[in-house]
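Just below is one structure, and these are the notes that go with it.
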Amino acid sequence: MAKKRGGAGKKITGTSHRVFKPNVQRFKAITPQGRRDIFVCTKCLKANKVKKAI
């Protein structure tokens, strides 16, 4: 019997599709409009793509 129907076999018939989401943080940054709280991914923070507001 397949695992989907309560069995303990090796054939797994039901799998859910995993979705990779970005690691987004709230960040105080300087934008052309002035200082703003924006959501920035950690990759961009590490790469210094966003200027930090002091």
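Structure data summary
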{"quantity": "Qualifying residue in the stretch 40-48 (condition: in a helix (DSSP H, G or I) and among the hydrophobic types (A, V, I, L, M, F, W, C))", "calculated": "yes"}
{"quantity": "Subset of the stretch 18-34 (residues that are exposed (fewer than 11 other Cβ atoms within 10 Å of the Cβ) and part of a strand (DSSP E or B))", "calculated": "ARG26, GLY34"}
{"quantity": "Contacts under 9 angstrom Cβ, first residue in the stretch 4-28 being within 30 Å of VAL50 (Cβ to Cβ), partner aromatic (Phe, Trp, Tyr) and modelled with pLDDT of 90 or more, 6 or more apart", "calculated": "VAL24/PHE39; GLN25/PHE39; ARG26/PHE39; PHE27/PHE39"}
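The values are calculated or read from the model by the stated rules, or taken from the named source; none is laboratory data. On a predicted model such as this, the values are computed, not experimentally measured, just so you know. For neighbour counting, all protein chains shown are included, and Cβ atoms are generated from backbone atoms with ideal geometry for every residue, glycine included.
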